[in-house]
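Data block below; observations after.
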Amino acid sequence: GITFNGDTAAANALDDYEEGTWTPAYTSSNATFGYATQQGLYKKIGSLVWVQAFINTNSVSSTSHSLVKVSGLPFQVDKRTAGSIRCNGFQGSSWDDFPSAFSFEHNQTYGELQRFASGGNTDFTTSTMNNSTSVYISGCYSI
């Protein structure tokens, strides 16, 4: 492990650090997705995992509009935690037509996309996804 300021105590050493990649993917009960890009990076330091992802679709097919999740997180989430999101390429002109929030879900390896709604957030569904939509996600969660 790495020690700091000459401290040689094992309890103070950084001995749990990892970097890697992961493959973010959409999951939805009634949809299929084709991808132009799926990129994910992570850094794990002790019990904290920092992730970032970029997903760009080239096809979206949905038989009904159901909840969209981003799966493939590199480690299972310990506690539900908010992340950040930026997106473009969604149809519609209203502020509630596109994902506006992301949350890492407790005891899962996925996060849920959410959108603004009257009175707060609600689940984001495939209803406004085009064939070419881009989502950027970033956040930190505990394991």
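The values are calculated or read from the model by the stated rules, or taken from the named source; none is laboratory data. Keep in mind the model is a prediction, meaning the values are calculated, not measured. So basically every Cβ, Gly included, is an ideal-geometry build from the backbone, and we count neighbours across all protein chains shown. Each accessible area value is taken on the protein alone, full model and side chains, heavy atoms only, with ligands, DNA and RNA left out. Shrake-Rupley method; radii C 1.70, N 1.55, O 1.52, S 1.80 Å.
Which residues, taken from segment 103-143, are modelled with pLDDT of 80 or more, small (G, A, S) and more than 20 Å from S61 (Cβ to Cβ)? Within segment 103-143, S103, G111, S138, G139, S142 qualify. Scanning segment 28-70 for residues that are open to solvent by less than 30 Å² (accessible area, probe 1.4 Å), under 16 Å from T109 (Cα atoms) and either polar (S, T, N, Q) or in contact (Cβ under 8 Å) with a residue 60 or more places away in the chain (or both) turns up S28, K44, V49, V51, A53, V68, V70.
For segment 25-50, which positions are closer than 15 Å to P74 by Cβ and out of contact with any Pro (no Cβ under 7 Å at 6 or more places or on another chain)? Write out each step before concluding.
Keep residues of segment 25-50 that are closer than 15 Å to P74 by Cβ, which gives 25, 38-50.
If the condition is that a residue be closer than 15 Å to P74 by Cβ and out of contact with any Pro (no Cβ under 7 Å at 6 or more places or on another chain), then A25, Q39, L41, K43, K44, I45, G46, S47, L48, W50 are the ones that fit.
Of all residues in segment 103-126, those being touching a residue at least 40 places away in the same chain (Cβ under 8 Å), open to solvent by 50 Å² or more (accessible area, probe 1.4 Å) and not acidic (D, E) number 0.
Being among the acidic types (D, E) and open to solvent by less than 70 Å² (accessible area, probe 1.4 Å) is a property that holds for D7.
Just so you know, in segment 77-102 the residues that are surrounded by 15 or more Cβ atoms within 10 Å (Cβ to Cβ), outside any strand (DSSP E or B) and of a type outside the set (G, A, S) include one that is modelled with the lowest pLDDT, and it is D97. Residues that are in a strand (DSSP E or B) and surrounded by fewer than 18 Cβ atoms within 10 Å (Cβ to Cβ) within segment 127-143 comprise S134, Y136, S138, C140, S142, listed in sequence order.
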